[in-house]
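Structure first, commentary second.
The values are calculated or read from the model by the stated rules, or taken from the named source; none is laboratory data. Being a predicted model, the structure only gives us computed values, none of them experimental. Neighbour counts run over all protein chains shown; Cβ positions are idealised from the backbone, glycine included. Note: areas computed on protein heavy atoms with side chains; ligands, DNA, RNA excluded. Shrake-Rupley method; radii C 1.70, N 1.55, O 1.52, S 1.80 Å.
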Amino acid sequence: IWVLGEDMRTHSRQAKAILGVVPQIDNLDPDLTVLQNLTTFARYFDIPKREALRRSMEVLSLFELQNRCNSKIAELSGGMKRRLLLARGLINMPKILVLDEPTIGLDPQAKYLVWHKLTELKSQGVTQLLCTQNMEEATVLCNRVAIMHQGKILSLDAPQELISRYVGKEVWEIEVNSGEKTSTVKELESRGLDFDEVGDKIHVFHVDGD
C-alpha cells in the first residue's frame, strides 16, 4: 500500500498521522463525555491541549453536536454517536479519511447532513475511502466505485459508468402474483431482455429504447 507516494511498510507512522478512521462499530469511551472523547483521542496525534479543545469544538459544531459536549455517551442517540465517530475521525485534520458504513443506522435528516459534510471535505481535497452497501450513497459521494465480492474487485469505474453498463438509464420494476410470474418470465426471455427476479418483483434492465 502506498500513501501519498510513500510505502506503508517503511513509512507507517507518517501514513497513520494523516489518516482519519471512522469505524462501523461504536468504540467511543463510555466513561468520558463527548468532548473528552475527542480531546483524549487528539493526544494520540500529539495535538496540544488548547489546540485539541479548539478542534474538538470545531468538529462538534460541524456535525451539530456542540450542545452535547458535556453529555455522557450513554445519553446520546445512535445517530449522535455516529456523528461523534465522524467528528473524532477528523480531529487530526486528515488528508485521507477511511469510512466504514458512515451513515448506517442514521435517520434521513442525519444521513443527508453527513453526506453534505463529506462532500464539503472532498471539495477541500480530503481523499475518502468509503465502504458501503448503500448504492445511493456510493453514487452521491464517490468518484470511483469498486464492486467487490469475497475480497476480489469485480468491476471498477465511475458510478454513472457502472450504472450505464449494468442496468442502463432506466429500470422497470414489475410486480406480479404467483400465477403471472411464469408467463411474465417467459415473455421477457423471448424478448431477450436482461432481468432479475427478486421475490414477487422482476427488475428489467437496459430498457432505454422503445
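Of the set (1) more than 26 Å from K111 (Cα to Cα); (2) part of a loop (DSSP other than H, G, I, E, B); (3) open to solvent by 50 Å² or more (accessible area, probe 1.4 Å); (4) touching a helix residue (DSSP H, G or I) at 6+ places or on another chain (Cβ under 9 Å), all apply to R9 but (4). Among the residues making up region 12-39, those that are open to solvent by 60 Å² or more (accessible area, probe 1.4 Å), assigned to a helix (DSSP H, G or I) and over 21 Å from L118 (Cα atoms) are R13, Q14, Q36.
Checking A74, A52, A42 one by one, the residue that is on the phi < 0 side of the Ramachandran plot, without any contact (Cβ under 8 Å) to a residue 60 or more places away in the chain, touching a Pro at 6+ places or on another chain (Cβ under 8 Å) and not in a loop (DSSP other than H, G, I, E, B) is A74 and no other. Of all residues in region 55-71, exactly one satisfies the criterion of being part of a helix (DSSP H, G or I), touching a residue at least 12 places away in the same chain (Cβ under 8 Å), open to solvent by 60 Å² or more (accessible area, probe 1.4 Å) and not charged (D, E, K, R), namely M57. In region 89-125, the qualifying residues are those that are over 22 Å from N27 (Cβ atoms) and either open to solvent by less than 20 Å² (accessible area, probe 1.4 Å) or touching a residue at least 60 places away in the same chain (Cβ under 8 Å) (or both), and the one that is nearest to the chain's Cα centre (by Cα) is W115.
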